[in-house]
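S.K.: My questions all concern the structure below.
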């Protein structure tokens, strides 16, 4: 079975003597639970696994019951160490306060109960961690699968990756493409929106948020002002509401609104967002064309390639800690700008035949970046770019 690099890191943290709560964050269906099963097999630790996915949010006693079950099993097996795994922890209200109390009790009594918390809502998990569990946890983010991982695990080509994206669970279905599309729409998109956003956050206009997601997928890789969004969505919602909904879609690992690069933070926050999906499968599953049909349409295929590169950047930014933005001034544009610790890199994506670099020239003159790169036929190929870690560019 294919093992993601995260497994080695989590295994090292679990077997070392120091105790920290291990928090595994990431979108649905990227292999978090599978990784835990691989970890249990590798570490050989006695364990208890429980999922809060179907538990009522108000049932706070459920979490205490699972913790007590782990303690009881640990005593029965006379184990010096024991591993408790809770999946979808963010579904339980005030989970972080309960975990803090139980963890501190075990620490005081010198009980070596080790804990892994899994969650698919990055926003809710991070709030609970910073508010209640400071100094007690370590986080690991598991993003959508990269081209290299899909290639190693399933033998995918770069073209297949651009169209079918990085959901490992959907890989066996691509030979039956309509079935694959249905799986992505029902098991991934609908579930992520309904369970990771609508059930956990107050949304006054759920239909508007769903239409915003569909619009964002349609325009992935393109800049669209909030005013134009309102016109496209034909809804009375205001720009603040749309911005909030876009943030929620981003934390669920679905759709991001990339901000414009600027030295002025206020101007940056008020800029028109550039839509960017976290996984190109979210686009393909909603389109009518099939894989073979889209490949013979160069303009449409080029947009998908650019969205695939954007998704690659977004996913690595959450692991490597760099910021992804874009830059545009009048007719000059740079597709992506990467920032980390004061260093700036401009990226121009040319997946088609046009190789103009006027945007990069204007950007260099205005900001004097540390590095500029062309991803295209006369630069690094998009296939090679999708196999590198963008964090290593700094």
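S.K.: I'd like the residue in segment 49-61 that is surrounded by 13 or more Cβ atoms within 10 Å (Cβ to Cβ) and under 11 Å from residue 93 (Cβ atoms) and, out of all such residues, is modelled with the lowest pLDDT.
M.R.: If we take residues in segment 49-61 being surrounded by 13 or more Cβ atoms within 10 Å (Cβ to Cβ) and under 11 Å from residue 93 (Cβ atoms), then 57 is modelled with the lowest pLDDT.
S.K.: Mind counting the residues in segment 163-181 that are touching a residue at least 12 places away in the same chain (Cβ under 8 Å) and either under 15 Å from residue 287 (Cβ atoms) or part of a helix (DSSP H, G or I) (or both)?
M.R.: 11
S.K.: So, in segment 294-319, of the ones that are surrounded by fewer than 19 Cβ atoms within 10 Å (Cβ to Cβ) and within 14 Å of the chain's Cα centre (by Cα), which residue ends up nearest to residue 277 (Cα to Cα)?
M.R.: Result: 318.
S.K.: Identify all residues within segment 86-110 that are buried (at least 17 other Cβ atoms within 10 Å of the Cβ) and over 17 Å from residue 129 (Cβ atoms); write none if there are none.
M.R.: Answer for segment 86-110, where residues must be buried (at least 17 other Cβ atoms within 10 Å of the Cβ) and over 17 Å from residue 129 (Cβ atoms): just 106.
S.K.: Just wondering, is there one or more residues in segment 376-390 that are more than 25 Å from residue 151 (Cβ to Cβ), assigned by TED's automatic domain parsing to the domain that holds residue 223 and either crowded, with 17+ Cβ neighbours inside 10 Å or under 25 Å from the mean Cα position of the chain (by Cα) (or both)?
M.R.: Within segment 376-390, not a single residue is more than 25 Å from residue 151 (Cβ to Cβ), assigned by TED's automatic domain parsing to the domain that holds residue 223 and either crowded, with 17+ Cβ neighbours inside 10 Å or under 25 Å from the mean Cα position of the chain (by Cα) (or both).
S.K.: What single numbered condition from (1) crowded, with 17+ Cβ neighbours inside 10 Å; (2) not in a helix (DSSP H, G or I) fails to hold for residue 80?
M.R.: (1)
S.K.: Right, something else. Quick one: which of 129, 72 is touching a helix residue (DSSP H, G or I) at 6+ places or on another chain (Cβ under 9 Å), in the same structural domain as residue 17 (by TED's automatic domain parsing) and part of a helix (DSSP H, G or I)?
M.R.: Step by step, each of 129, 72 is checked, and only 129 is touching a helix residue (DSSP H, G or I) at 6+ places or on another chain (Cβ under 9 Å), in the same structural domain as residue 17 (by TED's automatic domain parsing) and part of a helix (DSSP H, G or I).
S.K.: Still on this structure, I have one more. Residues of segment 132-147 being in a helix (DSSP H, G or I) and more than 17 Å from the chain's Cα centre (by Cα), which ones?
M.R.: 132
Conditions (1) surrounded by fewer than 17 Cβ atoms within 10 Å (Cβ to Cβ); (2) outside any loop (DSSP other than H, G, I, E, B); (3) more than 23 Å from the chain's Cα centre (by Cα), marked per residue:
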site	(1), (2), (3)
200	no, no, no
212	no, yes, no
215	no, yes, no
231	yes, yes, yes
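S.K.: Listed residues 339, 299, 348; which is at pLDDT 95 or above and either more than 28 Å from residue 26 (Cβ to Cβ) or not in a helix (DSSP H, G or I) (or both)?
M.R.: Sole residue among the options that is at pLDDT 95 or above and either more than 28 Å from residue 26 (Cβ to Cβ) or not in a helix (DSSP H, G or I) (or both): 339.
S.K.: When segment 6-48 is examined, which residues are found to be buried (at least 19 other Cβ atoms within 10 Å of the Cβ) and part of a loop (DSSP other than H, G, I, E, B)?
M.R.: 26, 27, 28, 29, 30, 31
S.K.: Could you tell me how many of the residues in segment 233-262 are more than 28 Å from residue 363 (Cβ to Cβ), under 16 Å from the mean Cα position of the chain (by Cα) and not in a helix (DSSP H, G or I)?
M.R.: Counting residues in segment 233-262 that are more than 28 Å from residue 363 (Cβ to Cβ), under 16 Å from the mean Cα position of the chain (by Cα) and not in a helix (DSSP H, G or I) gives 3.
S.K.: State all residues of segment 217-229 that are part of a helix (DSSP H, G or I) and closer than 21 Å to residue 190 by Cβ; if no residue qualifies, say none.
M.R.: 217, 218 - these are the residues of segment 217-229 that are part of a helix (DSSP H, G or I) and closer than 21 Å to residue 190 by Cβ.
S.K.: What number of residues in segment 148-162 are surrounded by fewer than 15 Cβ atoms within 10 Å (Cβ to Cβ) and in a loop (DSSP other than H, G, I, E, B)?
M.R.: Residues that pass the stated criteria total 2.
The values are calculated or read from the model by the stated rules, or taken from the named source; none is laboratory data. Fair warning: this is a prediction, and the values are worked out from it, not measured in the lab. Note that each Cβ is placed from the backbone with ideal geometry, even for glycine, and that neighbours are counted across all protein chains shown.
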